[in-house]
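Enquirer: What follows is a single structure, and I will ask about it in a moment.
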Ligand code: ASP
């Protein structure tokens, strides 16, 4: 008899519940989980961290090279990139705003194993951050994991490789292959997430008590509110201005892609369906949809950016660290850039969160808390990512006169319905 395989989400949920239960059992004796269970959680986090530098570097080189090609597409390319960056920066802003207002992390204070508070207070100013983006020694940046410098160098070498054409191909192929390897490893590492989550949650609950979970529920609420706000404010405005579709039609037509994104947590896996919907339901021309959507799946992740903004504030609150305005601006900058380097696969945005956290000196160990609910947050953010790319294809096509409204299924469906109602 064939056995149905349990989904990763269910396994992670079981890991989470078991972690909490075992944590409660050891409330009076937290040294046992600290000594025997926590190392496995650290191992899991180390595995996650291991992939960061090569993943960011290689995927950004490849992403930047595809943006380099964008130049050939001139105006369309420019519009697309502007739409991507502006909506993403706005998305992080919404994420920061909602979590600053709703304060999901207030109410508990976790202590740090290392005193990072000091470091956060001394985080460099925005001007210094910008100056330091340019690495004087890029290899030093790679070795030390200086993310902003790595991003800068990766983007430049990606664009440089496209300038020299054939001669740059070997480098791009290498980076492409490295990026693919890292995506695969990410996927494999995420399979260990149920055990990692268990091992991370148990000592946290044993040391702090089960009330530590309340902020997590609040964080889920904060992220989903911000996701919704972004879709309702940003996309409905842009779609209304630059196309003839209503936001309801956008939801209705996009629904199958959103459902797929929600259940797979993978923008890349949703791409084929997204392209079909853009073309058939919204009448977006093939040239625009086959350019904007694949590019967007690589570089445009509004949901991920919201998540990163909200989680950075959450972690700061949980550890009692005050974020200055310039630190919050740095978060907007790094989260926008991080979303460029995030792959459209489950869990990628979580890995990139380390980059956002370290850019403002927040403790990366705070991710242990979020790990347990990461998949729940991923489902929502992937849906926003996919919605963002669909909206980009509609807006760009709308401004280029590349939407065939007469053959857009969402409109035809309505016409048919209203005709039927008239009969
Ligand atoms: N899962 C997301 C996506 O595929 C990426 C992320 O983890 O944020 O779009």
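The values are calculated or read from the model by the stated rules, or taken from the named source; none is laboratory data. As the structure is a prediction and not an experimental result, all values here were calculated from the model. Virtual Cβ from ideal backbone geometry, glycine too; neighbours counted across all protein chains shown.
Enquirer: Please go through segment 26-38 and give me each residue that is part of a helix (DSSP H, G or I) and surrounded by 14 or more Cβ atoms within 10 Å (Cβ to Cβ), ordered by number.
Expert: Quick first cut of segment 26-38, residues part of a helix (DSSP H, G or I) only: 31-36, 38.
Hits for segment 26-38 are 32, 33, 34, 38.
Enquirer: Please find, among 269, 259, 226, the residue that is over 24 Å from residue 15 (Cβ atoms) and either surrounded by 17 or more Cβ atoms within 10 Å (Cβ to Cβ) or more than 16 Å from the ligand (Cβ to nearest atom) (or both).
Expert: Values: 269 fails: over 24 Å from residue 15 (Cβ atoms); 259 fails: either surrounded by 17 or more Cβ atoms within 10 Å (Cβ to Cβ) or more than 16 Å from the ligand (Cβ to nearest atom) (or both).
So the residue among 269, 259, 226 that is over 24 Å from residue 15 (Cβ atoms) and either surrounded by 17 or more Cβ atoms within 10 Å (Cβ to Cβ) or more than 16 Å from the ligand (Cβ to nearest atom) (or both) is 226.
Enquirer: From 283, 309, 296, which residue is closer than 26 Å to residue 410 by Cβ and within 16 Å of the ligand (Cβ to nearest atom)? Outline the logic, then answer.
Expert: Numbers: 283 fails: within 16 Å of the ligand (Cβ to nearest atom); 309 fails: closer than 26 Å to residue 410 by Cβ.
When all the criteria are applied, what remains is 296.
Enquirer: Still on this structure: Within segment 355-366, work out how many residues are at pLDDT 85 or above and either within 14 Å of the ligand (Cβ to nearest atom) or under 20 Å from residue 61 (Cβ atoms) (or both).
Expert: So the count comes out to 1.
Enquirer: Consider residue 320 carefully, then state whether it is assigned to a loop (DSSP other than H, G, I, E, B), under 26 Å from residue 145 (Cα atoms) and at pLDDT 85 or above. Quick ask: steps written out before the conclusion?
Expert: Details: assigned to a loop (DSSP other than H, G, I, E, B): yes; under 26 Å from residue 145 (Cα atoms): yes; at pLDDT 85 or above: yes.
Yes: the conditions hold for residue 320.
Enquirer: Against the conditions (1) within 22 Å of residue 57 (Cα to Cα); (2) more than 10 Å from the ligand (Cβ to nearest atom), where does residue 301 fall short? Just the number, please.
Expert: Checking residue 301 against (1) within 22 Å of residue 57 (Cα to Cα); (2) more than 10 Å from the ligand (Cβ to nearest atom), the one that fails is (2).
Enquirer: Among the numbered criteria (1) part of a helix (DSSP H, G or I); (2) at pLDDT 90 or above, which one does residue 214 miss?
Expert: (2)
Enquirer: Select from segment 323-346 the residues that are modelled with pLDDT under 85 and under 20 Å from residue 265 (Cβ atoms) and list them in ascending order.
Expert: Answer for segment 323-346, where residues must be modelled with pLDDT under 85 and under 20 Å from residue 265 (Cβ atoms): 338, 339, 340, 341, 342, 343, 344, 345, 346.
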